[in-house]
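Written out below as structure tokens is the structure these notes cover.
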Amino acid sequence: TFDPNIREALVPDHASALARFERLAAMSDVVKLSDEDAEWLYPGAGEESVARRLLVMGPRLVAVTRGGSGALIAGGDIMRSIVAPAVTVRDTVGAGDTFMAALITQLLRHPQLLAAPTTELLDAVGRYAVTAAAITVQRVGADLPTAAEIGSALDGAVRQDGP
């Protein structure tokens, strides 16, 4: 897995940073980046275009986090936009790391996601990860949720959305 976590002040020039990013992305099965990372690396390209470009390089799963708007998750020829739950944000520290940890957890539970992604599986994995991040931002500090807390939040969302 690879999360570049771009910090513009800490990287050399754009061309060098992009070359290094692409080299590492090409060696990764999973790449997760924020919408800000995507924009900095590929100015004006758009998140879907960035995800497609990365999939061609070699990763089998690409996720672009969008803060309170959720995430884009792509694998194979499937690309899904996942809406984040509406929450009161107290602190965004740890949200991206929470998303990545939740994504990795789901990959361990569903390894077929890398070989044969489906719309349903991408949706479920994406919802799990954005829900985990939504729990984290409601807390002060990088206080990641437990699997039980994520499951409970997902159960509540299902009950609110329908039977």
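The values are calculated or read from the model by the stated rules, or taken from the named source; none is laboratory data. All values reported here derive from a predicted model rather than from experimental measurement. A quick note on method: Cβ atoms are made from the backbone with ideal geometry, for glycine too, and the neighbour counts reach across all protein chains shown. SASA here: full protein model, heavy atoms, side chains in, ligands and nucleic acids out. Shrake-Rupley method; radii C 1.70, N 1.55, O 1.52, S 1.80 Å.
Points to keep in mind about this one:
- The set of residues in the range 95-118 being within 11 Å of residue 30 (Cβ to Cβ) and of a type in the set (A, V, I, L, M, F, W, C) consists of 100, 103, 104, 107, 113, 114.
- Those residues of the range 55-78 which are crowded, with 18+ Cβ neighbours inside 10 Å and either under 21 Å from residue 93 (Cβ atoms) or more than 15 Å from the chain's Cα centre (by Cα) (or both), in sequence order: 63, 64, 65, 66, 70, 71
- Pairing residues of the range 139-152 that are assigned to a loop (DSSP other than H, G, I, E, B) with residues that are exposed (fewer than 14 other Cβ atoms within 10 Å of the Cβ), at Cβ distances under 9 Å and at least 6 apart in sequence or on separate chains, gives 139/90; 140/90.
- Condition check for residue 52: open to solvent by 20 Å² or more (accessible area, probe 1.4 Å), under 18 Å from residue 5 (Cβ atoms), basic (Lys, Arg) and without any contact (Cβ under 8 Å) to a residue 40 or more places away in the chain: no
- Residue 89 being open to solvent by less than 50 Å² (accessible area, probe 1.4 Å) and in contact with a helix residue (DSSP H, G or I) (Cβ under 6 Å, 6 or more places away or on another chain): no
- Looking across the range 33-48, the residues that are open to solvent by 70 Å² or more (accessible area, probe 1.4 Å) and closer than 10 Å to residue 6 by Cβ come down to 36, 39.
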